[in-house]
Amino acid sequence: MQLEAICKNYDEIKVLKNLNLTIKDKEIICILGPSGCGKSTLLNILAGTLKPDAGRIEGKKEKVGYVFQEDRLLPWKTVHENIKLVNKKASNVKIKELIDRVGLKGFEDKYPSQLSGGMRQRCSIARAFNFQSEMLLMDEPFKSLDYDLRIKMVKSLIDIWQQWNNSIVFVTHEIDEALLLGNKIAVLSKNPCTVETILTINTSQNLRRLEDRELIDTRTKLIRMLSKENDSRAYKSA
Amino acid sequence: MKISIFKNKNFKEFLYTLLSIIILVICWKVLSIVVDKEILVPSPEGTLIEIIRIIQSPNFVLSVTNTLIRALSGFMIALAAGIFLGMLGGFFKPMYYLLRPLVLINKAVPTMAMILLALIWLESEKAPILVGFVVIFPVIYENVVEGIRNVDEKLVEMMKIYEIGKLDRLKDLYIPSIKSYLYGGMIAAMGLNLKIIIAAEVLSQPKISMGTSFQIEKANLNTAGVFAWSLITIVIAGVLEQTLKVAKKD
């Protein structure tokens, strides 16, 4: 999927300006950028819920899944029912397998109110994977979780993605999440939003450790770039 | 060692309710002693004797049944119309504005005026049903509209992105949301409904009914009888309300 010279304005405010981005199949692209730079606008354009004012989108995906910042589960449905909701043809065996993969085994019949924030978000990830989309958009899905849980969630996301193996666009504020997840990391600028740089990490996600030389170097580059764009305090690094 | 039953929340609630009833009965007894005129304020024991007499009378079951049939008929018609029109009003803004005057008229028209009009238009057996409908319909309608309007927009967006069809959206998102509002409305409407139906019956005088029985006791200057029928009404309204609450839990 290719975005070429995408522009989007809200009234007088230019949110996206000449934004170019290529999302290849079977890759995870992480989007890093300052708060309010237009990351959610970009995701909504990718999801097809928002139309750009100018620019071209080639190879648009028909079926796009979305993991929101909030879990957006139906409170009156159980974990199993919430996951099944988006693909009613999915077999119970497949849903059970997804539940196992996100570590919710034994909680199939629990309601969202009976789960912790992390568990609810894992349920919403399982729901997104059950949708069997060509591309999955994730808008800071682990924002409300603490650091350790976030890293655990990233690892379980990699685990499911390797089974599913389609493209993911993952918006985050956390450099470590991007380092562990992304085949590519796109850094966005603010006012208006364009793609500043794209960094590539070649090591397979399975073999990555935050202490690796490649990741340490990439983190240093990212911090430098982001410091230019915004107050570096906004970005946490390990 | 504490007895576990005292930890039970329901039991505590029951105890407080019982205490409140005992206090009310004591106040009632004191008032009846002070006034000392059975025709103005009958004593609790005099009222109890009247309740026993009414329950043992041959027409008691038929009176209650007739009134309940009228109350439930009005209630069911209002429920069906309220749900149907409420969904139209909730989903389609133009329908909401088209229905607004009708709902406002139903809400604002004095109950007594409605009873009199119903008596002019319909026979005495059916007039209370219309009155019940007019009073209950706006309550149900507004609760359904609220249920639809208060559906979380984020959940609607989620369902659109996941390509969930309109029928499934209605079934999985809107109906559960409407249900929680509707039960609240139904519980409030049920108690109101019985009061209104009996008031209409007092004026329309259908053959055998609770309202007619009220009128007979009043005509006989039997205030204890009026008190007794009032207490019977309270008990029936309470039973109906509890039935709906149990249905809601299930």
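The values are calculated or read from the model by the stated rules, or taken from the named source; none is laboratory data. Since we're looking at a predicted model, the values are computed, not measured. As a convention, Cβ positions derive from the backbone with ideal geometry for all residues, glycine included, and neighbour counts pool all protein chains shown.
Key figures
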item	result
Condition met for A:Lys184 (among the charged types (D, E, K, R), in contact with a Leu (Cβ under 8 Å, 6 or more places away or on another chain), more than 20 Å from A:Gly36 (Cβ to Cβ) and loosely packed, with under 15 Cβ neighbours inside 10 Å)	no
Qualifying residue in segment A:129-142 (condition: closer than 25 Å to B:Lys179 by Cβ, in contact (Cβ under 8 Å) with a residue 12 or more places away in the chain and part of a loop (DSSP other than H, G, I, E, B))	no
Residue match in segment B:127-145 (condition: of a type in the set (D, E, K, R), within 20 Å of the chain's Cα centre (by Cα) and closer than 19 Å to A:Leu74 by Cα)	no
Matching residues in segment A:100-109 - criterion: being in contact (Cβ under 8 Å) with a residue 12 or more places away in the chain and either surrounded by fewer than 18 Cβ atoms within 10 Å (Cβ to Cβ) or within 18 Å of A:Tyr66 (Cα to Cα) (or both)	A:Val102, A:Gly103, A:Glu108, A:Asp109
Test result for A:Val86, in contact with a helix residue (DSSP H, G or I) (Cβ under 7 Å, 6 or more places away or on another chain), among the β-branched types (Val, Ile, Thr) and at the interface with chain B (Cβ under 10 Å from one of its Cβ atoms)	yes
Residue match in segment B:63-72 (condition: without any contact (Cβ under 8 Å) to a residue 40 or more places away in the chain, assigned by TED's automatic domain parsing to the domain that holds B:Leu130 and farther than 21 Å from B:Val202 by Cβ)	no
Segment A:191-217 residues that are free of Cβ contacts under 8 Å to residues at least 60 places away in the same chain and part of a loop (DSSP other than H, G, I, E, B), paired with ones that are small (Gly, Ala, Ser) and exposed (fewer than 14 other Cβ atoms within 10 Å of the Cβ) (beta carbon under 6 Å, 6 or more apart)	A:Leu210/A:Ala238
Any strands (runs of 3 or more DSSP E) falling wholly within segment A:9-111 and containing at least 1 residues that are at positive phi	A:13-22, A:54-58
Count - residues of segment B:96-116 that are at pLDDT 90 or above and either surrounded by 15 or more Cβ atoms within 10 Å (Cβ to Cβ) or not assigned by TED's automatic domain parsing to the domain that holds B:Ile208 (or both)	2
Tally, over segment A:32-52, of residues that are in contact with a strand residue (DSSP E or B) (Cβ under 8 Å, 6 or more places away or on another chain) and away from chain B (no Cβ under 14 Å)	9
Condition check for B:Pro42: outside any helix (DSSP H, G or I) and touching a Phe, Trp or Tyr at 6+ places or on another chain (Cβ under 6 Å)	yes
Residue list for segment B:164-211, restricted to those being among the acidic types (Asp, Glu) and in contact (Cβ under 8 Å) with a residue 40 or more places away in the chain	B:Glu201
In segment A:56-67, residue nearest to B:Ile178 (Cα to Cα) [restricted to those that are within 8 Å of another protein chain (Cβ to nearest Cβ) and either without any contact (Cβ under 8 Å) to a residue 40 or more places away in the chain or in contact with a Ser or Thr (Cβ under 7 Å, 6 or more places away or on another chain) (or both)]	A:Gly65
Pair list, Cβ < 9 Å and 6+ apart or interchain, from segment A:86-98 residues that are modelled with pLDDT under 95 to residues that are among the basic types (Lys, Arg)	A:Val86/A:Arg127; A:Asn87/A:Lys94; A:Asn87/A:Arg127; A:Ala90/A:Lys84; A:Asn92/A:Lys84; A:Ile95/A:Lys84; A:Lys96/A:Lys105; A:Leu98/A:Arg127
Helices (runs of 4 or more DSSP H) (entirely within segment B:97-177) containing at least 3 residues that are away from every other protein chain (no Cβ under 14 Å) and over 16 Å from B:Ala71 (Cα atoms)	B:111-121, B:127-149
Complete set of residues in segment B:12-53 that are within 26 Å of the chain's Cα centre (by Cα) and hydroxyl-bearing (Ser, Thr, Tyr)	B:Tyr16, B:Thr17, B:Ser20, B:Thr47
Residues of segment A:198-215 classified as closer than 19 Å to A:Arg150 by Cα and loosely packed, with under 14 Cβ neighbours inside 10 Å, total	4
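Residue-wise test of (1) touching a Leu at 6+ places or on another chain (Cβ under 9 Å); (2) closer than 17 Å to A:Val171 by Cα; (3) within 14 Å of chain B (Cβ to nearest Cβ); (4) not aromatic (Phe, Trp, Tyr).
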position	(1), (2), (3), (4)
A:Asn18	no, no, no, yes
A:Leu21	yes, yes, no, yes
A:Ala54	no, no, no, yes
A:Arg72	yes, no, yes, yes
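Rundown of residues vs (1) surrounded by 12 or more Cβ atoms within 10 Å (Cβ to Cβ); (2) under 25 Å from the mean Cα position of the chain (by Cα); (3) at pLDDT 85 or above, yes/no style:
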| residue | (1), (2), (3) |
| --- | --- |
| B:Lys2 | no, no, no |
| B:Asn10 | no, yes, no |
| B:Ile55 | yes, yes, yes |
| B:Val64 | yes, yes, yes |
| B:Leu68 | yes, yes, yes |
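Table: residues versus (1) surrounded by 16 or more Cβ atoms within 10 Å (Cβ to Cβ); (2) closer than 26 Å to B:Ile51 by Cα.
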{"position": "B:Ile164", "(1), (2)": "yes, no"}
{"position": "B:Arg169", "(1), (2)": "yes, no"}
{"position": "B:Ser177", "(1), (2)": "yes, no"}
{"position": "B:Leu182", "(1), (2)": "yes, no"}
{"position": "B:Ser209", "(1), (2)": "yes, yes"}
{"position": "B:Ser213", "(1), (2)": "yes, yes"}
{"position": "B:Lys218", "(1), (2)": "no, yes"}
{"position": "B:Ala224", "(1), (2)": "yes, yes"}
